[in-house]
Amino acid sequence: MKRFIFSAAVFTLLALTVKAQKTDTARVLVHYKFSHVRDTTDRAHPYTENMVLLVGKSTSVYKSYDGMVADAQFRAAYLKAAANGPDGRVTVDRSGAGLRPQYFQYPNAKKFLTKDYVMVDEYLIDGPMPAIDWKISSDTTTFGGLHCQKATGYFKGRDYIVWFCPDLPVHTGPWKLNGLPGVIVDARDTKNEVIFQFDGVERAVFAEIKPITGAGVAEKDVPPILRGLDDNPNIIVPPARAIKATQKEYDKLKAGMAKNPGALAQGVVAADGVGGQGGDHAIKAISDHVQHNNNPIELPEKK
């Protein structure tokens, strides 16, 4: 897939007016190769994942592109198995999708939402837009045909070097990075421990979503393994099913998870219906993430 379009076309696309729009719709997708040295005793093997920033007219959401692909593959496999399986029984492995956080930015309202998980329950943490004191440089370069400008700033214990595109008028970026007059298309801390490497930009593709659970099925009656599969990936809106929580409440839940990651992982696998080798892989992935993370992306603030 060629992930690039000229900046003039992107600007025109984002500048379109949408009347009576209650939720935002993705216009442009900015792709990143995310890399994070979670374990400083093993710097040669950082955590990596393909991520994407969906940019709408005035909002954005940053999520796992690998997760989107895995969900689409699972959806197709489930529909095929449901159509061909005896007595309606379906056995499909969804362990590759995982439970990944998403970050919603509302720059005009100075609002920031995080969708994250404890077990298979989705939580929505509401908070203010993180503030970053950026120093904009006169240095410029291009990424995939986008004219970009350099900026530096300190955030969550790290010094960042970023490149933003003023032709993309939404003041947003990957993860929690924000606050520049344009979209941040490439970012990394000065130690190269956290990297959001530009990997292309493209127009959003609008695809019709066929309900997997059938019409009229209440959200509470949808099995955990199928939740979210009917969500339109082009619409930038947090899921209504998510449990609202404060940051303090969510941190308390996460602290409990860190005390016993093995039990948590087994609970996630059991609740999500992932068994066999796929379940073993899911348990190992969750346990490793909790136990081998001595270098979190957010470090203590400088004193």
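The values are calculated or read from the model by the stated rules, or taken from the named source; none is laboratory data. Computed from a predicted structure; not experimentally measured. As a convention, Cβ positions derive from the backbone with ideal geometry for all residues, glycine included, and neighbour counts pool all protein chains shown.
The figures follow:
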| item | result |
| --- | --- |
| Test for A258: is it at pLDDT below 80, touching a Pro at 6+ places or on another chain (Cβ under 7 Å) and surrounded by fewer than 16 Cβ atoms within 10 Å (Cβ to Cβ) | no |
| Count of the range 166-198 residues which are under 20 Å from P101 (Cα atoms) and in a loop (DSSP other than H, G, I, E, B) | 7 |
| Residue in the range 138-165 that is farthest from Y32 (Cα to Cα), counting only those that are of a type in the set (D, E, K, R) and part of a strand (DSSP E or B) | D139 |
| Single residue of D66, D87 found to be at pLDDT below 95, among the charged types (D, E, K, R), under 21 Å from the mean Cα position of the chain (by Cα) and assigned to a helix (DSSP H, G or I) | D66 |
| Residue ID - surrounded by the most Cβ atoms within 10 Å (Cβ to Cβ), chosen from residues in the range 134-144 that are small (G, A, S) and modelled with pLDDT of 95 or more | S137 |
